[in-house]
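Below is one structure, written out as structure tokens, with a few remarks after it.
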Amino acid sequence: MKAVSKRALNLVITAGPTREYIDPVRYLSNESSGKMGFAIAAAAVARGHKVTLIAGPVHLETPAGVERIDVVSAREMLAALKEAFLPADGLIMAAAVADYRPARRLAGKWKKKSGPRDTRISLDLVENPDLLATVGRRKGPRRIMGFALETSDGRRRALEKMLRKNADCIALNGASALNADRTSVTLLARDGREQLFANQTKAQVAKVLVRVMEELCVSPIGEA
């Protein structure tokens, strides 16, 4: 990675899971802890950048100097993201957004039916909006770093995601990163560069990712 002159950036970072409620007490979600996104936010502030952190439901302390927006669902995160991204220089999309939500949220608790027992139930789901693709379509000169958590054929799938969603680079990791303090990340860029950061703390990886974003934000469009 080449050295770049640092200027203060306005960065948006998403972190954590989303929750899609079935009824007042049950929801669909995932194992994301938000640790990676929060580490990136802390690293970005330490570099002198303005940071808006859009966080799903996690129990993590807000890094000093970070503006935090708490959301729950994918649609809430998208609404916050659209507003925060307007004046931003770049976005690091570290959140693990639920792909689907229940077609209908029940007003009361879903109760078991009486009568003959049938252990099978069905739940109608609808697709959530694709947050990365939505902002990617209208990003203009702004820069976007995506994340891809894959369990098989990861490199190919991550590259396809980067191109399909108009990201400038993408950080590929695996399921072992969930709820962990350490991670292994392969950073893939549009210009063909690949960098592997193996078994490092999320704080260490976060510092590198922020510097990559700095580089992207000072590079002319087409060189990312």
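Things worth noting here:
- When restricted to residues that are crowded, with 22+ Cβ neighbours inside 10 Å and either without any contact (Cβ under 8 Å) to a residue 12 or more places away in the chain or more than 21 Å from Gly34 (Cα to Cα) (or both), the range 163-177 contains 1.
- For the range 36-46, the criterion of being in a helix (DSSP H, G or I) and not hydrophobic (A, V, I, L, M, F, W, C) is met by at least one residue.
- Some residue of the range 103-120 being among the β-branched types (Val, Ile, Thr), within 30 Å of Arg7 (Cβ to Cβ) and out of contact with any Pro (no Cβ under 6 Å at 6 or more places or on another chain): no
- Residues that are within 15 Å of Leu91 (Cα to Cα) and more than 16 Å from the chain's Cα centre (by Cα), drawn from the range 142-188: Arg142
- Of the set (1) surrounded by fewer than 24 Cβ atoms within 10 Å (Cβ to Cβ); (2) at pLDDT 95 or above, all apply to Ala15 but (1).
The values are calculated or read from the model by the stated rules, or taken from the named source; none is laboratory data. Quick caveat: nothing in here was measured; it's all calculated off a predicted structure. Methodologically, a virtual Cβ is constructed for each residue, glycine included, from the backbone with ideal geometry; neighbour enumeration extends over all protein chains shown.
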